[in-house]
Amino acid sequence: MNDTPRLSIRGLTKKFPGILAVSEADLILAPGEIHALVGENGSGKSTLCMTLSGVYQRDAGEIQIDGKHVSPTSPRQAQLLGVSMMYQESNLVPELTVSANIALGRESFVLNRHQTEVRVREILNRLDFHLDPSVKASHLSGAQMQMAEIAKALYEESKIIIMDEPTAALSIPETRALHKVIRDVSATGVSVIYISHALEEALEIADYVTVLRDGKVVACRETRAFTRGDLVALMVGRHISIIERPTRHAALGEEVLRVENVSLGNRVKNASVSLSRGEVVGLAGLVGSGRSELAMVLCGVIRPTAGTIYIDGKRVTLRSPRAAMRHGIAYLSENRKEDGLFMQLTVLTNLTISILDRLTNWVGLVRGRRETVEGRSLVDRFSIIVPGLGAKAQTLSGGNQQKSLIARLIEANLRILIFDEPTKGVDVGAIESIHKTIRSLASEGKAVLVVSSYLPEIMTISDRVLVMRDGELVANFTAEEVAEDKVMAAAFG
Amino acid sequence: MLHYLLRNQLLLILIGVFLYFHFSSPYFATGFNLITLGREGAELGIICIGVTLVLILGRLDISVGSVMAVSALIMIIGYKTLQIHWGYLLPICLVFGLLVGAFNGVLTAIIGVPSFIATLGTLIILRGLMQWASSTEWMREANSTFSTDPAFQFIGGGDVGSTIPLSVLLLALIFVAVLFILKFTKIGVSIYAFGGNFQAATRAGIRVKIIEVGVFTFSGLCAAIAGILLASRLDSVTYQTGQYLEFQVLIAVILGGTSIAGGVGSIWGTILGIGLIAILTNGMVMTATDRDVQDIVLALFLLFALFLDRIMHKLTHRAGAWKMADLDRALAFARRLTMRGGGA
């Protein structure tokens, strides 16, 4: 390594209306270094990187690449400077093939499809991703989309590669292959910035770790100098333990939901589940094992191809989410941005939109004062951090968006709650409070089904754990017999 | 798959409509009429190619009819009233089209006006210009004489080798060029990417503003070329020239399978769409169908095509076994419905 750093960021500041997203952040990156950025949601990791990749323009500070001052004002300029970034949200063009997507923006004037495809195949093989380059992006599943995104970041031989949560939808073998490739490219002198919520991953792969909190760099050290506990403490500014089993309620209520031999094509095969009042059931399994599909069948989003559903012992057909709601079933989607929140509307509207009936006067007009009072009490009860009730939902961090959505769902007063990845992309502090909420819902007598890829979460909150593999329910553990290794064994088969 | 079907069913409708007019009017399938049909189709077709590109971007250009009209106006008044040689007027018309197109492009891409509003503004300005011009002495003088230069008449009305209209050749030339650009160049991929996922295109380093201004400029140029052909073929222009043409253009392009939402579309489909519109319009004139009824028939064809498209889509997706991608798409669609259905 020579003396000039590959990248040097000094005093970088980025403001958004009402929020100081990044405040005087410093970051030094040597050639060939793998640098992990960790922090809670809304701590400014993504914003910092998007400033580097030209999506946002900084308000203050300086960026040097190989000792030269730069200020990329567009992703294109950042690319020319040797910075490529893999973004969190999907950035694929549905109508183009995987290989066209990966090469997008880097084509020669007259296309050479064959050569592009050969290169794409080579990258995908290196990553051990099973992905057909000639298939259209609209045909990909969530995990496959993420694979394409990663390949896209590696396609251009950049000096600096930024990966924002690359493993969020990947299975364990795929994550391993990705880590190997990251080590390989860094050995050739490419520097990698690795953003992740999975602290274990960051500790495993990175040479250096930078911890951000509220837009400020709170620590930057060699990875060896950190333990997982240190990182968590630095991220939240206090020590908490997320793997802490709550006391169980022995007495369960009567059965409210029973599903018999439900199938959905080959995605869900002959699944039978029963859910009782006052219990939290965890549904574990790998991504693509059919968990989300089963959850969607239960909440009426999609109709099963076979099987029957009983609510309170009566056979029902759930034709639509509205019908499911009428039967008392609520569904929290794993995609809060697309399916849950009205990003352009205010926090208050987002909180109260499902309960407006209760807040109207006799003419049918919404009583503004009562709505505000209700909204404020929800914000307090669920400790949602907002600039104000009038702020747009899109200005909130991921954790606070999720809390708002859960608050809205709970206020709608339904009996059967289905949570799909309730803490996906949510910071450590918010995870804790969401878990508490879920437990307290169960003790109020609601039946809760939690679909989660995050095993510690399943272990923490469930009274019972179901495991799915290839569309089938393969295991059913009680709280006493459940253990992480047993669940993993069942999930991998 | 969908486009393949849509294109094929469009081809079937096209043949069916052709045969219908062939049997209901003895004048329809005559050589003379077919050449006229080709000429009308070519002018519409050149405009449609430009508009197809705008639609693939996910934008709209409704100013094309009036750009064509003003381009024809420049030709007619310049040549017949002001006695300027038409050879000088050609580049003037082309530059006019480029400028109006670039103006639309700058309004939408750089200033951020929605394209519908921007091109509506252009449309109204140019229509106003037409109205004003038609009340002047110039227009009366132009429309009371006939041009005598055979070379001028040849542009829009002449046949190369006395069989193929020059305008049809011009259409073919533009068609091939645009097909090549869309299929085989970076610009083509960029246009599809722009319409398919704008954010992805921006983040992939595509120069989105240049692409957008460029496509609008091209659309303006196409409309101006059509105006030149029209002026030469009809040898006159009125304030009604090209009025409501934008709707015919949109019908043809959408019939051809291009989505208004952007990211999807092909100029092959557009050519078939134009063919159908041209045959319908001409055939209804030949069978002496009432003018108002003609519009209704055109609109019904558009709705019918979209309806057929949905039906075919449903049938093909129900028939087979559940495929992963289909299910994923169904799920994605269902997820979107969750919110609208008043769910969580």
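No lab work stands behind these numbers, since they all come straight from the coordinates. All values reported here derive from a predicted model rather than from experimental measurement. As a convention, Cβ positions derive from the backbone with ideal geometry for all residues, glycine included, and neighbour counts pool all protein chains shown.
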Original post:
Nearest 10 degrees, 0 to 90: what angle lies between the long axis of helix A:398-411 and the longest principal axis of chain A (Cα atoms)?
Top reply: 10 degrees
**OP:** Would you work out the charge dipole size for region A:50-196 about its Cα centre, treating the Cβ of every Lys and Arg as +1 and the Cβ of every Asp and Glu as -1, and quote it to the nearest 20 debye?
**Re:** 260 debye
**OP:** With a 10 Å radius around each residue's Cβ, average the other Cβ atoms per peptide and rank B:23-33, A:461-471, B:62-72, B:212-222, highest first.
**Re:** B:62-72, B:212-222, A:461-471, B:23-33
**OP:** Round to the nearest 0.05 the FRET efficiency obtained for A:Lys15 and B:Glu137 when R0 = 60 Å and r is the Cβ-Cβ distance.
**Re:** 0.45
Original post:
region B:138-196 to region B:264-278: how many Å between their Cα centroids?
Top reply: 16 Å
**OP:** Using only Cα atoms, find the angle between the long axis of helix B:64-76 and the longest principal axis of chain B, and express it within 0 to 90 degrees, rounded to the nearest 10.
**Re:** 10 degrees
**OP:** Over region B:18-118, consider all pairs of different Cα atoms and compute the Kirkwood hydrodynamic radius from their mean reciprocal separation; express it in Å, one decimal.
**Re:** 16.2 Å
Original post:
When DSSP beta bridges are limited to those with both residues in the protein assembly as shown, what percentage is antiparallel, rounded to the nearest 5?
Top reply: 55 percent
Original post:
What is the sum of charges around B:Thr185, taking Lys and Arg as +1, Asp and Glu as -1, for the other residues whose C-beta is under 15 Å from the C-beta of B:Thr185?
Top reply: +4
**OP:** Determine, for B:Leu255, B:Leu10, the number of other Cβ atoms within 10 Å of each Cβ, and report the residues in order from fewest to most.
**Re:** B:Leu10, B:Leu255
Original post:
Toward the positive end of the charge dipole of region A:7-236, about the Cα centre and with charges on Cβ (Lys, Arg +1; Asp, Glu -1), which of A:Ile193, A:Leu234, A:Leu48 goes farthest?
Top reply: A:Leu48
Original post:
When averaged across all projection directions, what area in nm² does the alpha-carbon convex hull of chain A cover?
Top reply: 24.8 nm²
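Cut-off is 10 Å between beta-carbons; in what order do A:Glu472, A:Glu174, A:Glu293 appear when sorted fewest neighbours first?
Arranged by neighbour count, lowest to highest, A:Glu472, A:Glu174, A:Glu293 become A:Glu472, A:Glu174, A:Glu293.
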Original post:
In the structure displayed, which of A:Lys45/A:Lys424; A:Lys14/A:Lys392; A:Lys180/A:Lys424; A:Lys180/A:Lys269; A:Lys14/A:Lys68; A:Lys269/A:Lys436 lie more than 23 Å apart, Cα to Cα?
Top reply: A:Lys180/A:Lys424; A:Lys180/A:Lys269; A:Lys269/A:Lys436
**OP:** For region A:317-395, state which chymotrypsin sites (Phe, Trp or Tyr not before Pro) are in a DSSP loop and have at most 10 other beta carbons lying within 10 Å of their beta carbon.
**Re:** A:Trp362
Subject >> Calculated FRET value between A:Ala306 and A:Arg326, using beta carbons and R₀ = 22 Å, to 0.05 >> reply: 0.40
Original post:
From the residues B:Ala151, B:Ile225, B:Leu73, which one has its Cα farthest along the dipole of region B:73-229 in the positive direction, the dipole being from +1 and -1 charges on Cβ of Lys/Arg and Asp/Glu about the Cα centre?
Top reply: B:Ile225
Subject >> Simple Cβ-charge dipole of the protein assembly as shown, Lys/Arg +1 and Asp/Glu -1, about Cα centre, in debye nearest 20 >> reply: 1100 debye
Subject >> For chain A, calculated [θ]222 nm from helices alone, where every DSSP H run of n ≥ 4 adds -39500 (n - 2.57) >> reply: -9500 deg cm²/dmol
Original post:
In bins 10 Å wide, starting from 0, what share of all Cα pairs of region A:1-95 does each bin hold, as a percent?
Top reply: 15, 48, 31, 6, 0
Subject >> Amide H contacts of A:Ile34 (H built 1.01 Å from N, under 5 Å, at least 5 apart or other chain) >> reply: A:Val192, A:Asp207, A:Tyr208
**OP:** Compute log10 of I(q)/I(0) for the protein assembly as shown with the Debye formula, placing one identical point scatterer on every Cα and leaving out solvent, at q = 0.06, 0.09, 0.11 Å⁻¹, to two decimals.
**Re:** -0.50, -1.00, -1.28
Original post:
Nearest 20 debye, what's the magnitude of the dipole of chain A about its Cα centre given +1 on Lys and Arg Cβ and -1 on Asp and Glu Cβ?
Top reply: 1340 debye
**OP:** Normalise the Debye intensity by I(0) for region A:7-236, one equal point scatterer per Cα, no solvent, then take log10 at q = 0.12, 0.15, 0.17 Å⁻¹ and round to two decimals.
**Re:** -0.64, -1.00, -1.26
Subject >> Debye log10 I(q)/I(0) at q = 0.10, 0.11, 0.17 Å⁻¹ for region A:351-455, Cα point scatterers >> reply: -0.30, -0.36, -0.84
Original post:
Put +1 on the Cβ of each Lys and Arg and -1 on the Cβ of each Asp and Glu in chain B; which of B:Ile267, B:Pro26, B:Ile174 then has its Cα farthest toward the positive end of the dipole?
Top reply: B:Ile267
**OP:** Taking chain A as the reference, fit the longest principal axis to its C-alpha atoms, fit the long axis of helix A:428-443 to the helix C-alpha atoms, and give the angle between the two in degrees, 0 to 90, nearest 10.
**Re:** 10 degrees
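Based on alpha-carbon positions alone, could you give the equivalent ellipsoid semi-axes of region B:2-340 from the gyration tensor, as √(5λ), descending, whole Å?
Details: eigenvalues 251, 134, 60 Å².
The three semi-axes for region B:2-340 are 35, 26, 17 Å.
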Original post:
Can you sort B:Trp268, B:Trp86, B:Trp132 by how many other beta carbons sit within 10 Å, fewest first?
Top reply: B:Trp132, B:Trp268, B:Trp86
